[in-house]
Amino acid sequence: MNAIDFSRLTTVLSSPLGWLDLALTLANIGVAYGLARYWRAKQHEQASPERALTGGMMRVMFPLLALLFVLLARSLFHIYATPLFLNIALPLMLALAAIRILVYLLHTMFSRAAWLKTSERAIAFAIWFLVVLHFFGVLSDLTKELDNVVLPFGDGVSVWTLIKGVVVLILTLAVTLWAAGMIERRLLPKTPTQDASYNGRLLLARFLRALLLVVAVLLALQGIGIDLTVFAVLGGAVGVGIGLGLQRLAANYIAGFAVLFEHAIRIGDMVTVDGRSGIVREVTARYVVVRSLDGIDAMVPNEMLLTQTVLNHSSGQREARATLPVQVAYGTDLRLALRLMEQAAMAEPRVADGNRAPKAVVVDFGDSGINLSLGFWIRDPENGQGTLKSNINLRLWDLFSEHGIEIPFPQREVMIRHQESGGGD
């Protein structure tokens, strides 16, 4: 696109073709706006969270349609004369489309980022600034000057080539991340489940994201004219770096794929690892998020899941077993005490019954009393054990008090022997 010659404005408006040029420009933009509004209204009537062309994507439809209509009208108008208003509308619609596409990609990838508003303004300002430079014919001269400045990289790279390369790389990565996010949303349900296939879909989504990023970077570098054979030496250096300084990071990523592939841990499992117990909330390529029963999230590196013993309380069964130690005084009716302990546990709805009903046993005979133990299974271990054990202890205290069963406390007898000293000088 060449710079706009605004000196032709008076001449163009003095001819019928000039007014036709202006009418076609306004008509194309108006039709594009009307179609985008109509399409958006239809999407709202058939609102579905699975539709891709909803929300921010619909805002991109207007500039894209307008750009398409202007290009078609411009190519047809060139048969009769050189258009002015269509040439003005073309960079404007192109800039508006670029701004809305980039903003849409940012909203898709970083929907909750605090810097999003600032980035939107920066993108809009930069693109509109380039449009202004283009209109006044400065942009072409600026690109030529930047192309003449060569940096001493390899055989020499111009500043303009470097800028284009960075822009192309950023755009390629943005589109790739958006596509990877779309694929991930298609593969994974909105709410993580304990379905056996969930880890497989999560592994596939992570693998596709990594593959798309690698392919996008290679294509972008190839597109801007960078010889990919120079990365053979870089690949060797990266390999040495991984072997020396990045081995732990690489180990975590490899372990993450192993954990996802083996289905050893799933979202929602209750696990104990490195002394931390909690519910698995998220499984990523580098770490697993374990939320303890007090609501604190711990990011456990994937390497620890393979090198340390991990207790999975949800593997094969959902219920978890717990025990309560109780001591009674000598002379207590032990059979009655055991029945009361089982009765106190059975009164709690969270305690399992049937084949896993509470069972109380005599452990041993201690110094201060007889040690008993109450074992029971919890139906929902993810809700914690502290409150449940407290309720059982309170009910057991009431039952023991009703039946005169004493809970002893340690007693010690201290004997002091006085020895008179013998006579002497």
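Computed quantities for the displayed model
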{"read-out": "Whole-Å distance, taken between Cα centres, linking the range 273-346 and the range 15-41", "value": "68 Å"}
{"read-out": "Which of V168, V271, V361 has the fewest Cβ neighbours within 10 Å, and the rest in rising order", "value": "V361, V168, V271"}
{"read-out": "DSSP-loop chymotrypsin sites (Phe, Trp or Tyr not before Pro) across the range 320-387, with at most 13 other Cβ within 10 angstrom", "value": "Y330"}
{"read-out": "Which of M341, M415, M182, M304 has the fewest Cβ neighbours within 10 Å, and the rest in rising order", "value": "M415, M182, M304, M341"}
{"read-out": "Rg and Dmax [Cα atoms of the range 320-402; Å; Rg one decimal, Dmax integer]", "value": "12.6, 39"}
{"read-out": "H403 long-range amide H proximity, modeled H, under 5 Å", "value": "none"}
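Readers should treat all values here as calculations from the given coordinates under stated rules, not as data from a laboratory. This structure is a prediction, so every number in the text was calculated from the model and none was measured. Note that we place each Cβ from the backbone using ideal geometry, even for glycine, and neighbour counts take in every protein chain shown.
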